[in-house]
Amino acid sequence: MQLKRTTHHRQSYRYLVLALVACIACAAPSSAQSPERIRFRLQTRGVVEGRLKSFSIKNSEREALIRKWFAESGCKEANLSEQALDRKLPPNVICVLPGETQEVIVVGAHTDKVDSFGDGVVDNWTGAVLLPSLLYSLSAQPRRHTVIFVGFSGEEKGLVGSQYYVDHLTHEQRAHIEGVVNFDSLGLGPTEVWASHADKALLDALGRVAYASKLQVTAMNVPEGATADSESFARYQIPRITLHSVTQKTWPILHSPFDKMAAIKLNDYYDSYKLIAEYLAYLDDSLKPAAARAEKAAH
Ligand SMILES: [Zn+2]
């Protein structure tokens, strides 16, 4: 997360739990795509937690670890790349899981930590380290969508990596992105969603999957002045959603000396991984091209 330190402690916070509960209730029984039919596999808890505990506090080493684990998780060499940025920062790291169509789901998390305090385990090693495990989760069977996993660099410097990534896509490439699922600062508790800055279809789908899987998700908006990589895509009207775990009580942990392994609730963290894996598999089945956007880009 990117925070304005001067303001974030005193912000008022709005819970939108009711809105999400309402969407879960209305969507579950009549859904055309039943979340029960989703096929995906789960990385073991030992691997997920082992990677989490192998963090580095150097941003270049963090990026290199994610790249290594992408390869170990089955990302073929031809599909694994780095995107150098204009500024002196580590590159974005990108793994493409080719699908049956040219429609795309982008799965993103920033690899960097803030310069000042803490180990940056919560913000955002928790998110970055899930990318290879989610690749593993989705790659067990052919996918309809091409899924592009991106570890963004320089988020804490002002969404530098995600902005660079989306700015350097062509109009057509942007038009084929049906959704961006970003995660930032997981593991402080059960999964939360930045509902006020989420695409409605993506939010509804999350509600359905949470309902079917009995994995908790509630809506918790990030304070005014804070932001995340999903917003780089929103500038181009690309549907996006950010999942996190931060509540009013735990916000002060971010960018503080308390952002350490000890802050992580491992049961909740693994539940977030399970929910996101199931969610992505469901989106692959259910997301449809946004006709208006595709048409617009073609002209
Ligand atoms: Zn941050």
Filtered residue count, region 97-144, keeping only those that are among the hydroxyl-bearing types (Ser, Thr, Tyr), open to solvent by less than 10 Å² (accessible area, probe 1.4 Å) and either modelled with pLDDT under 95 or within 16 Å of the ligand (Cβ to nearest atom) (or both) = 2
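Taking strands (runs of 3 or more DSSP E) that do not extend beyond region 159-270, which have at least 1 residues that are open to solvent by 20 Å² or more (accessible area, probe 1.4 Å) and more than 27 Å from residue 50 (Cβ to Cβ)? Give the derivation first.
Working: elements: 177-183, 191-193, 217-219, 240-244.
So the answer is 217-219, 240-244.
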request  = Test residue 90 against the stated conditions and say whether it is modelled with pLDDT of 95 or more, crowded, with 21+ Cβ neighbours inside 10 Å and farther than 17 Å from residue 133 by Cβ.
outcome  = yes
task = May I ask you to list the residues in region 167-189 that are more than 14 Å from the ligand (Cβ to nearest atom) and either within 16 Å of residue 93 (Cβ to Cβ) or out of contact with any Ser or Thr (no Cβ under 9 Å at 6 or more places or on another chain) (or both)?
result = 168, 169, 170, 171, 172, 173, 174, 175, 177, 178, 179
inquiry  = Any residue at all in region 220-241 that's aromatic (Phe, Trp, Tyr) and within 15 Å of the ligand (Cβ to nearest atom)?
reply    = no
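The values are calculated or read from the model by the stated rules, or taken from the named source; none is laboratory data. None of these values were measured; they are calculated from a predicted model. So basically every Cβ, Gly included, is an ideal-geometry build from the backbone, and we count neighbours across all protein chains shown. In case anyone asks, the SASA skips ligands and DNA or RNA and just uses the protein heavy atoms, side chains included. Shrake-Rupley method; radii C 1.70, N 1.55, O 1.52, S 1.80 Å.
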